[in-house]
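Worksheet: one structure, shown below.
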Amino acid sequence: MVRKIFLKRFNEKGSGIVESMLVLIVISILVVVVMDRYETIVEEAKKVALKAELNNIRQAILVFKIKNGRYPESLKELVTSQFVIPYRGDTIIKAKYLEPYSLDKDKNILDPFDMPFAYDPATGRVWSIKKGFENR
């Protein structure tokens with residue numbers, strides 16, 4: 001009985017096209033809603049990552065200033081320079097001031113928006129050059 005109804009339904013002319021169009025419309029509406037929400041979530045994640053990265057860079061600049069008595073000439077110096085600290089007798093800690101998430105080919109530190117950070121070596125101030133995020 002069910003088989004007859006199933007076969008009869010698919011033997012009707014035009015029913016497959018209408019149902020396919022309805023499925024395509026529903027799927028496209030879902031894709032539009034999900035894509036809009038996805039882009040919002042990605043943008044918020046980048047904002048949080050930017051804030052964390054700026055905090056890490058500022059802490060590295062502070063450690064550099066305390067250790068060397070001056071601000072670094074550029075942010076590249078934080079990535080390439082190392083510091084050595086004695087720890088519990090014979091152990092020595094040797095590390096870079098900063099291990100950034102991403103660098104370009106010239107070793108410039110990139111923000112989550114893939115733009116280099118701006119830095120003022122006279123004051124040690126660092127900020128993003130992404131429009132709308134300059135004052136973070």
Inter-probe distance in nm under a simple model that places probes 7 Å from Cα toward Cβ, at Glu43 and Ile25: 3.0
The range 79-136, accessible area per residue, ligands and nucleic acids excluded (1.4 Å, Å²): 70
Additional length obtainable on full extension of the chain from Asp114 to Lys76, 0.36 nm per residue less Cα span: 12.1 nm
Angle in degrees between helix 2-11 and the longest Cα principal axis of the chain, rounded to the nearest 10: 80
Within the accessible area of the chain (1.4 Å probe), percent carbon and sulfur: 61
Most positive-pole-ward Cα, Val32, Tyr97, Ala49, against dipole of the chain from beta carbon charges: Val32
The range 23-136: C-alpha gyration tensor shape, a/c 1.5 cut-off, then a/b vs b/c: prolate
Global form of the range 38-97, assessed from the alpha-carbon gyration tensor, a/c cut-off 1.5: prolate
Relative contact order (%) - the chain, alpha-carbon pairs under 8 angstrom, separation at least six: 17
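The values are calculated or read from the model by the stated rules, or taken from the named source; none is laboratory data. Note that the structure is a prediction, hence the values are computed from the model and not measured. We place every Cβ from the backbone using ideal geometry, glycine too, and count neighbours over all the protein chains shown. SASA here: full protein model, heavy atoms, side chains in, ligands and nucleic acids out. Shrake-Rupley method; radii C 1.70, N 1.55, O 1.52, S 1.80 Å.
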